[in-house]
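The values are calculated or read from the model by the stated rules, or taken from the named source; none is laboratory data. All values reported here derive from a predicted model rather than from experimental measurement. When we count neighbours, we look across all protein chains shown, and the Cβ atoms used for this are built from the backbone with ideal geometry, even at glycine.
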Amino acid sequence: METVADSNQPLKPELSICMVTYQACQYLKDCLDSIYQSPPRRSFEVIVVDNGSTDRTVEMLRTDFPQVRLITLSSNMGYTQPMNRALKSAVGHYRVQLNPDTLVRPGAFDALADFMDAHPEAGICTPRALNRDGSLQLQCRRSEGRPWDAFTYFSRLSRLFPNQARFAGYLMTYRDNCEIYEVQAVSGACMFIRADLFRQIGYLDEIYYAYQEDSDFCLQARKAGWKIYYLPQAEIVHYGGEGGTRIHPYRSVYEWHRSYFLYYRKNFARDYFFLVSGLVYSLIFVKYLIAVTKIFFSKEKYPATRKP
C-alpha cells in the first residue's frame, strides 16, 4: 500500500531529484536543506519515497518541506523498487538518483546539467563524492566490476599498486581526481541521468533488492551506446551506510552479496569458463560468511563488508 502527497512543484521541471529513505530523518532533512538553501537555477521537483519509516520522517517532510512530492510505503521495500517508483513518476528532462545521507554542494546540479547539455552522448554523469573528512569517496566512479577488478580490490592488490591500471582498475586510483573523464560505472549515491536513457533501456532491474542496481544500470546504458562521465567540478558529501544499512545489518550484508551474485550471473557468467564462475560464486559465499562473522563480533552492528 502506498500514498502519494500533492506538492507545489513546477508543472514541467527540468530536474527531477528522486530519493528513497528509511529511518534517516535527520540526514534527509539536512540533505533537503542543502538543496533548498542553495537551489539549482533550473526548475526542479523533489520526489521522496519513504519505506515505512517510524522516525518522524513523514511528519518532518509534511511540516518542513510541503513542496516535496511524497510517496509513502507501508513497509520497507528496499531500494530498487521504491527508486523506480520515483523515477517513473518524475517528469524532468534529467532524473537524479540521490541518497538521503548526502549534502549537495552549491552549483552541483547546475554543473551536471550544463555538462550533459554540452555532451549529448552522455547518458549518465556523476559528481565528485566526498567522505565526511573531505577526502574523495573512491567508489563514486569505478569500473564495471569484472572478476579481476573485484579480486584486486578485495585482495588489496589495488592498495599495493594504486598507480597501475592493471591492479587499480576498479576504483581507478591511477586517474587524476580533478579531471573529467569517461568511466564504466558510478555510485547510485548520486546519478544524474538523461530521461531519454530510461525510454531506451528501461528502469533499474528489480531483481536487485538493493546494491549493484547502479552498476547494472550503467552497464546496460553503455551497451546501448551511451557514455558515462565523472565530473569533479560538481560535488556532494556522502556519509554512507546510514538508515537501513545500520538498522538491518545482517539483511544488508546478505543483500549486497546476493546482488553481486545476481549481477555477475546476469552480465558476466557467459563470458567465462564455468570453473571460473564456480570459483567466483564460492568466493562470494566465503566473503559473505566472513562479513557476517565480523558483524557478530563487532561492537557496532552494521555491515562490515567493504562495499565497492
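Identify the residue in the range 236-248 that is crowded, with 21+ Cβ neighbours inside 10 Å and not hydrophobic (A, V, I, L, M, F, W, C) and, among all such residues, is modelled with the highest pLDDT.
So the residue we want is His238.
Scanning for something outside any loop (DSSP other than H, G, I, E, B), of a type in the set (S, T, N, Q), assigned by TED's automatic domain parsing to the domain that holds Tyr94 and closer than 27 Å to Ser252 by Cβ, does the range 166-188 turn up at least one residue? Let's see the steps before the verdict.
Step one: list which residues in the range 166-188 are outside any loop (DSSP other than H, G, I, E, B), which gives 181-182, 185-186.
Now drop any that are not of a type in the set (S, T, N, Q), which leaves none.
Checked against the condition, which is being outside any loop (DSSP other than H, G, I, E, B), of a type in the set (S, T, N, Q), assigned by TED's automatic domain parsing to the domain that holds Tyr94 and closer than 27 Å to Ser252 by Cβ, the range 166-188 yields no hits at all.
Exactly one of these conditions fails for Phe217: (1) under 28 Å from Ile201 (Cα atoms); (2) at pLDDT 90 or above; (3) surrounded by 15 or more Cβ atoms within 10 Å (Cβ to Cβ); (4) not assigned by TED's automatic domain parsing to the domain that holds Gln97. Give me its number.
Exception for Phe217: condition (4).
State which residue is nearest to Leu98 (Cα to Cα) when the search covers only the range 212-237 and only residues that are assigned to a helix (DSSP H, G or I) and of a type in the set (Lys, Arg).
Of the residues in the range 212-237, the ones assigned to a helix (DSSP H, G or I) are 213-223.
Filter once more, keeping what is of a type in the set (Lys, Arg): 222-223.
Numbers: Arg222: 21, Lys223: 24 Å.
Among those residues, the one meeting the criterion is Arg222.
Go through the range 45-85 and give me each residue that's on the phi > 0 side of the Ramachandran plot and touching a Phe, Trp or Tyr at 6+ places or on another chain (Cβ under 8 Å). Break it down into steps so the answer makes sense when it comes.
So in the range 45-85, the residues on the phi > 0 side of the Ramachandran plot come out as 52, 56, 78.
Once the filter is applied, which keeps residues that are on the phi > 0 side of the Ramachandran plot and touching a Phe, Trp or Tyr at 6+ places or on another chain (Cβ under 8 Å), the range 45-85 yields Gly52, Gly78.
Looking at the range 26-50, which of its residues are touching a strand residue (DSSP E or B) at 6+ places or on another chain (Cβ under 8 Å) and basic (Lys, Arg)?
Scanning the range 26-50 gives a single hit, Arg42.
Could you check, for the range 155-164, whether at least one of its residues is among the small types (Gly, Ala, Ser) and in the same structural domain as Met116 (by TED's automatic domain parsing)? Steps first, please.
Our first condition is that a residue be among the small types (Gly, Ala, Ser); within the range 155-164, this holds for 155, 158.
With in the same structural domain as Met116 (by TED's automatic domain parsing) added as a condition, the list becomes none.
No, that holds for no residue.
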